[in-house]
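The values are calculated or read from the model by the stated rules, or taken from the named source; none is laboratory data. In this text, all values refer to a predicted model and were calculated from it rather than measured experimentally. Here Cβ is always computed from backbone atoms with ideal geometry, including for glycine, and neighbour counts include all displayed protein chains. The area values use the complete protein model at the heavy-atom level, side chains included, leaving out ligands, DNA and RNA. Shrake-Rupley method; radii C 1.70, N 1.55, O 1.52, S 1.80 Å.
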Amino acid sequence: MSDVSTEVGNEHFRYIAERTTPEDEFLRDLKKAAAAAGIPSIWIAPEQASFMRILLKAARAREVVEVGTLAGYSAISMARALPADGHVRTIELDPKHAEFAERWIARSDVAGRVHVLRGAGMDVLPKLAADSADAAFLDADKASYPRYLTECLRIVRKGGLIMVDNAFAFGQLLDPKATDREVPAVRAFNDHMAKVRELESVIVPLGDGLWVGVKR
Ligand code: DHB
Ligand code: MG
């Protein structure tokens, strides 16, 4: 048979999660401490984090740019997939989040490999050199995704990866009664992303939907 896909539901995702290399105690503690500090619990899923590390390793990525640090979970997770001389430059607007992330990065096994750049994505990204990254991960305000993407297409080298979180719009992508105010922005971005000729891209249904594109 060709062109046949298994209809995947919640049971499959539970099955996948139960068979994914588990996250370690450090990242579990980070999430607990972040929640206690009032930081929103909007982490990427552990199986998504694992998949992103696999992609970064397969691409032999050394330099990664992230937009939206939050508490540093994904930055630390991605840094672990890089060689000893690799770096994650992660951009964070909220000083409280940046401070929390810096504290946990300093205590992590990848201290020195993750640098928090404070400011708005559209203030910081234009300062990053062209072709200076092997991969980018977008996970900040959804209305700005198209502009972040344009910048990252400049910053990421040919053959590099562009990953974007929340393609499923917090589970509300196909819900006609969607309530989250960012859902229209995600829908518009998905339609835009599908037409970006500089990327070969696909939505991977892990976590809340992960766009993965390779720059042609
Ligand atoms: C939200 C943002 C995210 O990036 C995410 O992964 C989940 C939720 C939010 O703004 O609600
Ligand atoms: Mg996200």
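Results for (1) buried (at least 21 other Cβ atoms within 10 Å of the Cβ); (2) in a strand (DSSP E or B); (3) in contact (Cβ under 8 Å) with a residue 24 or more places away in the chain, shown as yes or no for each residue.
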position	(1), (2), (3)
P126	no, no, yes
A130	no, no, yes
Y145	yes, no, yes
M163	yes, yes, yes
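Going residue by residue through the stretch 89-97, is there one that turns out to be outside any helix (DSSP H, G or I), in contact with a strand residue (DSSP E or B) (Cβ under 8 Å, 6 or more places away or on another chain) and open to solvent by less than 10 Å² (accessible area, probe 1.4 Å)? Checked the stretch 89-97: at least one residue is outside any helix (DSSP H, G or I), in contact with a strand residue (DSSP E or B) (Cβ under 8 Å, 6 or more places away or on another chain) and open to solvent by less than 10 Å² (accessible area, probe 1.4 Å).
Checking each residue of the stretch 147-167 against the condition of being within 12 Å of ligand 1 (Cβ to nearest atom), closer than 24 Å to D94 by Cα and among the aromatic types (F, W, Y) gives no match.
Assigned to a strand (DSSP E or B) and charged (D, E, K, R): does that describe K158?
Working: assigned to a strand (DSSP E or B): yes; charged (D, E, K, R): yes.
Yes, satisfied.
The residue of the stretch 19-50 that is most open to solvent (accessible area, probe 1.4 Å), among those that are of a type in the set (D, E, K, R) and within 15 Å of A71 (Cβ to Cβ), is K32.
For the stretch 24-55, taking the residues that are part of a loop (DSSP other than H, G, I, E, B), within 16 Å of ligand 1 (Cβ to nearest atom) and not aromatic (F, W, Y), the one that is farthest from L138 (Cα to Cα) is identified as G38.
Inclusion of D134 among residues that are away from ligand 1 (no atom under 16 Å from the Cβ), buried (at least 20 other Cβ atoms within 10 Å of the Cβ) and of a type in the set (D, E, K, R) is warranted. Which of the residues that make up the stretch 170-186 are free of Cβ contacts under 8 Å to residues at least 40 places away in the same chain, within 20 Å of L206 (Cα to Cα) and in a helix (DSSP H, G or I)? Listed by number, the residues that qualify are F170, G171, V183.
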